[in-house]
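Asker: Following this message is one structure expressed as structure tokens.
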Amino acid sequence: MEKTTICRLCSACCLVTVEVTDGRLVRARRQSPLPEERQWFCPKLSAAAAITHAPERLQRPLLREGGRRAGAWREADWDEALSVVAERFRSLRHRYGAPSVGWLRGMAADWGAPWDYVNRFMNVFGSPNTIGNGSVCHVAREMAHQYTYGAMTLPQVAESRCLLIWGKNDLNTNPPAAEAILEARRRGAALIVVDPVRTALAERADLWLQIKPGHDGPLAMAMIHEIIREGLYDEAFVRDWTLGFEELRQAASTFSPEQIAAKVWLKPEDIRQAARLYAASAPACLIDGNGLDMQQHVFDDTRAVCMLRALTGNLDRPGGDLLPQPVAARNLQLQERLPADARPITEAYALFNSFHHNWGLHAQSCIPDAVLEGKPYPLRMLVVQAGNPAVTMADSQRVRRALDRLEFLVVIDPFATRTSEFADVLLPACGCFEKTQLNRAALRHNRVVLQDQVLPPLGDSRPDWWIVFELARRLGMQQDFPWQSVEQAIDDQLQPSGITVADLRAHPNGLSAGETRFHKYREQGFATPSKKVELFSPRLAAAGFPGTPCEAGWKQDPVSFAENRSEYPLIGISGPRSNRFTHSQFHRIPALLQQEAEARVDIHPREARRLGVDDGDRVKILSPRGEVQMRVRIWDGVAEGCLLLGWGWGETDPAANLNDLTDDGRRNPVTATPSSRSFYCRLLKEQPAAPAATTD
Ligand SMILES: Nc1nc2c(c(=O)[nH]1)N[C@H]1C(S)=C(S)[C@@H](COP(=O)(O)OP(=O)(O)OC[C@H]3O[C@@H](n4cnc5c(=O)[nH]c(N)nc54)[C@H](O)[C@@H]3O)O[C@H]1N2
Ligand SMILES: Nc1nc2c(c(=O)[nH]1)N[C@H]1C(S)=C(S)[C@@H](COP(=O)(O)OP(=O)(O)OC[C@H]3O[C@@H](n4cnc5c(=O)[nH]c(N)nc54)[C@H](O)[C@@H]3O)O[C@H]1N2
Ligand code: SF4
Ligand SMILES: [Mo]
């Protein structure tokens, strides 16, 4: 039997055809409008059967016996496991108040409507502390888009004449987007890539700006400077539809390419050329990505990048960057049920907490603060769902101390992980092909798509929605969770749009809210307080933040541990995603390990010579926070002075947990984002073990 659904093995959300025989996934292939020879390959999808039916999959709820240190688990049925969890929810609320319980959700794997159900559950329970990991993923960047022109834009690659790709590598992270980019190249669209690493996209570019890691804001300001100086901006759009052009011009005045280039490791003429090519190639689209995230200045850096779209008149124009037309949906979260005086542990990031009507809270670094330091008050119980914070959060050692300190930890995951080592209850979640859910990512865009169940749950595993609904019932919330099936819940959520699950099943490709329309702002303005693009933001200024990015001029080096540079002189770059793994996932799948079976650190040949290391050497990398071990690969695609560190290996190799090196001490004041993408570090060659003196 073949069935169409959405793959959620990573967050690219590809439309796939899945072949099922006797309840087992046999094969899955991505649907693409292109002939086979022009399709972009996804190794993870090819391994979908091995991932879905992996022998390590959890099949029964597990309860800890004899305390965490004993390390013993006992199998339980769902009734017992959920009763234990519900009882803890009750007793914690009774003893310390509901906000002492938190719920942390990973973003990567399970970005569906269960997010809304969890927020609803926690709000009715009485805790505001449902927290996602968007401070390190794209939500901080999304807020920058929103504060500039009202929503995160969608690049219109197919009709574009020039693509400016900023810290994104769709060839590894999003095959449908990669195909669109490669097709645009075939059509002759120009390509500019801003990336400290010579990715396969950078190799294909007309112009590759190999920027100093973490220095994107100054580069964007230098491009703004050039575009204004040369009169390359769209005068009519700037006049009619922007606020604060003069303030931006002023802020950019100290960022001429000549002043900035050397500081960001570029040549002035390359910056000038990039600015001119982008501004002169109408229509042009700008694709920004995770290279901007996980940087201390992510919010202002991204605002500066977003302003390029506005200056060049590319906003909401065919071939430019579309403002989305989301499908109407009900907000299920019941925020109004929280007590009026409920203070989330993320209260220090008030603008980030409230910038979006239903994103919810994302300043995840506040969790270890609350657990370890009682700031702003103690968090004592946590549910971790679809995330592996012991590996993926900055300063992992501190995160592990926090997990260990919790009075009670519940983990909901298809696999046991480094995080579940600290759990008291481990609940087996279904994999993505075993459940139906509304794709929440799609809900924000123009098209809503159903992730539809194609397989029965493995063993006794359960879909995330079912786990939340059942837990809600056990806590007496049946009136707020009246749905008898996920289909009912989705129909309820989509009711304002008139779209139903049945409609979505009949249109597996998704349904939109109507025809795509451009230049929508001409009728209704932009979704900002001034209805204009805010090059200067009065609401940020009123809240004590810079109204215009970089208005105070050049800032100190934003790379973590800059104060320790003399001892830690190299910049570690948290490695770009490989197309074979999703963060900490799939590192045990043999087929995906064939090309690369362990964590690597890429080093430029000249840097390697200076450091005295060779290809294949095992080395230690140290930061003021900790150390990791990786194997050297000599590669000139990374700049001298940088180490490109393999990402996600901490799950299978604790010695290679990259976040043992990263810093969570200094964060973006708006979005709580630490600089875990780039940080100063040093390298030590491991001495080969001395040969044994005697053998007997
Ligand atoms: N230094 C550094 N830190 C980073 C990053 C980096 O590049 N460098 N990247 C950051 C980014 S962008 C992100 S998004 C985060 C990712 O952080 P996480 O979301 O913690 O990442 P994953 O390792 O993908 O963990 C997902 C977990 O969900 C489980 N899972 C998979 N499918 C399901 C499901 O359907 N239901 C449930 N309940 N569980 C499921 C998986 O088995 C896995 O254990 O890491 C961030 N941290
Ligand atoms: N295969 C796979 N696909 C995934 C994921 C996965 O783990 N594996 N994760 C999913 C998730 S949660 C996310 S957030 C997306 C992320 O998707 P992308 O945005 O494509 O993320 P990355 O590949 O991490 O980073 C993009 C590029 O940023 C560059 N970069 C690093 N530092 C800097 C910098 O300082 N400045 C600039 N300009 N660029 C920099 C990197 O070299 C890299 O080429 O991918 C999603 N898709
Ligand atoms: S890129 Fe691959 S793993 Fe990710 S959603 Fe698409 S098909 Fe699935
Ligand atoms: Mo992410």
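Asker: Suppose we filter 578, 574, 566 for residues that are crowded, with 22+ Cβ neighbours inside 10 Å and among the polar types (S, T, N, Q); which single one remains? Show your work before the answer.
Answerer: On the way: 578 fails: crowded, with 22+ Cβ neighbours inside 10 Å; 566 fails: crowded, with 22+ Cβ neighbours inside 10 Å.
None of the other options fit; the residue is 574.
Asker: Name the residue that is farthest from ligand 2 (Cβ to nearest atom), counting only residues in region 105-161 that are of a type in the set (Ser, Thr, Tyr) and either surrounded by fewer than 24 Cβ atoms within 10 Å (Cβ to Cβ) or free of Cβ contacts under 8 Å to residues at least 12 places away in the same chain (or both).
Answerer: Looking at the filtered set, the residue picked out is 147.
Asker: Determine whether region 508-530 contains at least one residue that is in a helix (DSSP H, G or I), at pLDDT 95 or above, exposed (fewer than 15 other Cβ atoms within 10 Å of the Cβ) and out of contact with any Ser or Thr (no Cβ under 6 Å at 6 or more places or on another chain). Can you show your working first?
Answerer: Residues of region 508-530 in a helix (DSSP H, G or I): 521-524.
Now drop any that are not at pLDDT 95 or above, which leaves 521-523.
When the remaining residues are screened for being exposed (fewer than 15 other Cβ atoms within 10 Å of the Cβ), the result is 522-523.
Retained after the next criterion (residues that are out of contact with any Ser or Thr (no Cβ under 6 Å at 6 or more places or on another chain)): 522-523.
The answer is yes; a qualifying residue exists.
Asker: Considering only region 271-285, how many residues are buried (at least 24 other Cβ atoms within 10 Å of the Cβ) and hydrophobic (A, V, I, L, M, F, W, C)?
Answerer: Of region 271-285, the ones buried (at least 24 other Cβ atoms within 10 Å of the Cβ) are 271, 274-275, 278-279, 284-285.
Going one step further and asking which of them are hydrophobic (A, V, I, L, M, F, W, C), we end up with 271, 274-275, 279, 284-285.
Of the residues in that region, 6 qualify.
Asker: Taking the conditions exactly as written (among the basic types (Lys, Arg) and more than 16 Å from ligand 4 (Cβ to nearest atom)), does residue 3 satisfy them or not?
Answerer: Working: among the basic types (Lys, Arg): yes; more than 16 Å from ligand 4 (Cβ to nearest atom): yes.
The answer is yes for residue 3.
Asker: Among (1) at pLDDT 95 or above; (2) surrounded by fewer than 24 Cβ atoms within 10 Å (Cβ to Cβ); (3) part of a loop (DSSP other than H, G, I, E, B), there is one condition residue 682 misses while meeting the rest; what is its number?
Answerer: Here residue 682 meets the rest and fails (3).
Asker: Can you name the condition, by its number, that residue 44 falls short on among (1) crowded, with 17+ Cβ neighbours inside 10 Å; (2) at pLDDT below 95?
Answerer: Of (1) crowded, with 17+ Cβ neighbours inside 10 Å; (2) at pLDDT below 95, only one is false for residue 44: (2).
Asker: I'd like the residue in region 270-312 that is within 12 Å of ligand 2 (Cβ to nearest atom) and of a type in the set (D, E, K, R) and, out of all such residues, is nearest to the chain's Cα centre (by Cα).
Answerer: It comes out as 293.
Asker: Now, a different point. Out of 83, 46, report the one residue that is within 21 Å of residue 578 (Cβ to Cβ), among the small types (Gly, Ala, Ser), more than 16 Å from ligand 1 (Cβ to nearest atom) and touching a helix residue (DSSP H, G or I) at 6+ places or on another chain (Cβ under 8 Å).
Answerer: Working: 83 fails: within 21 Å of residue 578 (Cβ to Cβ).
Testing whether each residue is within 21 Å of residue 578 (Cβ to Cβ), among the small types (Gly, Ala, Ser), more than 16 Å from ligand 1 (Cβ to nearest atom) and touching a helix residue (DSSP H, G or I) at 6+ places or on another chain (Cβ under 8 Å) leaves just 46.
Asker: Output yes when any residue across region 293-307 is away from ligand 3 (no atom under 16 Å from the Cβ) and over 30 Å from residue 661 (Cα atoms), and no when none is.
Answerer: Residues of region 293-307 that are away from ligand 3 (no atom under 16 Å from the Cβ), as a first pass: 293-307.
Now restrict to residues that are over 30 Å from residue 661 (Cα atoms): 306-307.
Scanning region 293-307, I find at least one residue that is away from ligand 3 (no atom under 16 Å from the Cβ) and over 30 Å from residue 661 (Cα atoms), so the answer is yes.
Asker: While we're here: Of the residues that sit in region 559-585 and are touching a Gly at 6+ places or on another chain (Cβ under 7 Å) and either farther than 20 Å from residue 292 by Cβ or not in a strand (DSSP E or B) (or both), which one is farthest from ligand 1 (Cβ to nearest atom)? Walk me through it before giving the result.
Answerer: The first filter runs over region 559-585 and keeps only residues touching a Gly at 6+ places or on another chain (Cβ under 7 Å), leaving 559, 570-571, 575, 581, 583-584.
Checking the rest, the ones that are also either farther than 20 Å from residue 292 by Cβ or not in a strand (DSSP E or B) (or both) come to 559, 570, 575, 581, 583-584.
On the way: 559: 13, 570: 16, 575: 7, 581: 9, 583: 3, 584: 3 Å.
Step by step, filter region 559-585, then rank; the result is 570.
Asker: Let me ask something else. Tell me which residues, restricted to region 71-101, are in a helix (DSSP H, G or I), touching a strand residue (DSSP E or B) at 6+ places or on another chain (Cβ under 8 Å) and either over 30 Å from residue 375 (Cα atoms) or among the basic types (Lys, Arg) (or both).
Answerer: Selection gives 78, 80, 81, 88, 93.
Asker: Within region 350-360, is there a residue that is in contact with a strand residue (DSSP E or B) (Cβ under 7 Å, 6 or more places away or on another chain) and more than 16 Å from ligand 1 (Cβ to nearest atom)? Reasoning before the result, please.
Answerer: Looking only at region 350-360, we keep the residues that are in contact with a strand residue (DSSP E or B) (Cβ under 7 Å, 6 or more places away or on another chain), and these are 353, 360.
Still in the running and more than 16 Å from ligand 1 (Cβ to nearest atom): 353.
Checked against the condition, which is being in contact with a strand residue (DSSP E or B) (Cβ under 7 Å, 6 or more places away or on another chain) and more than 16 Å from ligand 1 (Cβ to nearest atom), region 350-360 yields at least one hit.
The values are calculated or read from the model by the stated rules, or taken from the named source; none is laboratory data. Values in this document were obtained by computation on a predicted structure and should not be read as measured data. Here the Cβ is made from the backbone with ideal geometry for all residues, glycine too, and neighbour counts use every protein chain on show.
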